[in-house]
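First the structure, in the form of structure tokens, and then the observations on it.
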Amino acid sequence: MNRKIRGLISLGLLIFWGLSALSGFILYFSPEGQRSGRAILLFGLAKHGWSEFHTLVSFVALGITILHIIVDWKILIALIKHLIKGDAPKIKYVEGKNL
């Protein structure tokens, strides 16, 4: 797979899971009660708006995560096999540098 595509997927994971964590943090510390959903919390969004944003961003992040697993499936399987066998990875040394 192209390195640019993997890089974009990784960047998407970082951005969308980060936004999900940020909105979850805002929702966790938002006021509770009957009228708390109407108060503007941050960036012009009330609690209900932050809840919708959190849900949307989390689903997008989940989709990118699934895409990430599909793209890197062979690497994931190779890593699991390596961990099950328990053998040390083979590292070549050339002039004191790891390859």
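Every number here is computed from the coordinates shown, using simple stated rules; none is lab data. Everything numeric in this text was worked out from a predicted model, so none of it was measured. Cβ atoms come from the backbone with ideal geometry, glycine included; neighbour counts cover every protein chain shown.
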For segment 51-63, in residue order, the Karplus 3J(HN,Hα) values (coefficients 6.51, -1.76, 1.60; θ = phi - 60°; whole Hz; Gly and Pro = x) are 5, 5, 4, 4, 5, 4, 5, 5, 5, 5, 4, 5, x
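Relative to the present Cα-Cα distance, how much length would full extension add between residue 48 and residue 4 at 0.36 nm per residue of separation?
The residue 48-residue 4 span can extend by a further 12.2 nm.
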By counting other Cβ atoms within 10 Å of each Cβ, how are 50, 73 ranked from fewest to most?
73, 50
Counting only residues 5 or more apart in sequence or on a different chain, those whose built amide H sits under 5 Å from that of residue 46 are 41
